[in-house]
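A short reminder: the numbers here are calculations on the coordinates, not readings from a lab. None of the values given here were measured: they were computed from a predicted structure. Note: ideal-geometry Cβ built from the backbone for every residue, glycine included; neighbour counts use all protein chains shown.
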Amino acid sequence: MRYIRLVPIPHRSDADADADPHDADWSTRHSVLSTARRTAALVNVLAAGPADAVGGPAPEAVAEVLRAYGEKEPFDLTARDVEGMREAAALLRDVFAAESADAAAHVLNRLLGAHTGRLRLSSHRGGSPWHPHVDRADDAPWPEWFLASSCLGVGGGGVVARRAHPRRHASPGTE
């Protein structure tokens with residue numbers, strides 16, 4: 001039998017505490033659940049219609065959702081960005097509309113295969129803790145970032161897990 005030594009658990013040091021003093025709650029704001037919620041909020045705001053239509057989602061409406069979910073400014077969103085995000089939202093809507101966890105996972109796998117890059121880790125040039133990305137680069141266009149980050153959040157504990165184990169993820173008082 002092969003024995004493997006235990007991996008030491010890193011302890012929080014003074015250096016860790018000083019790593020990012022401006023963003024102490026980054027991990028909470030960017031958890032898979034928060035990302036899934038941000039995705040749902042963006043899918044809803046982007047469903048309003050074309051960015052150039054009267055009453056359609058303006059870049060500021062999308063920026064308001066991004067701001068509410070802790071994304072860093074400046075956003076510099078254009079009507080073209082919003083239209084691309086709207087197209088991504090239409091693809092993501094199929095995940096939320098899936099009738100089962102299996103169906104949602106199949107949609108996510110299709111989206112990941114057709115619209116994202118390979119899994120990579122990023123710290124945004126030291127501006128955040130290391131975390132997974134499947135967009136092609138840190139400066140990917142807004143529509144690509146939205147679709148890629150949403151696939152990770154919705155698949156990594158969001159919609160798919162909640163469909164597979166709804167009682168485990170039930171809100172208090174709903175069981």
*Two-site label geometry, ALA79 and GLU60: point separation in nm, points 7 Å out along Cα→Cβ*: 1.5
*Can you pull the one-decimal nm distance between simple spin-label points at ALA137 and ALA97, each 7 Å off the Cα toward Cβ?*
3.4
*So what's the net charge close to LEU147: Lys and Arg +1, Asp and Glu -1, counting the other residues with Cβ under 14 Å from its Cβ?*
-1
*asked:* Order 65-73, 124-132 from most to least packed using the mean count of other Cβ atoms within 10 Å.
replied: 65-73, 124-132
*Most to least packed among 75-82, 86-93 [average Cβ atoms within 10 Å]*: 86-93, 75-82
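Decide, for the range 28-143, between rounded, prolate and oblate: order the square roots of the alpha carbon gyration tensor eigenvalues as a ≥ b ≥ c, take rounded if a/c falls under 1.5, and otherwise choose prolate if a/b is larger than b/c, else oblate.
Values: a/c = 1.58, a/b = 1.05, b/c = 1.50.
Taking the square roots of the gyration eigenvalues as a ≥ b ≥ c, the range 28-143 is oblate.
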*So for the pair ALA90, TYR69, with labels modelled 7 Å out along Cα→Cβ, what separation do we get in nm?*
2.0
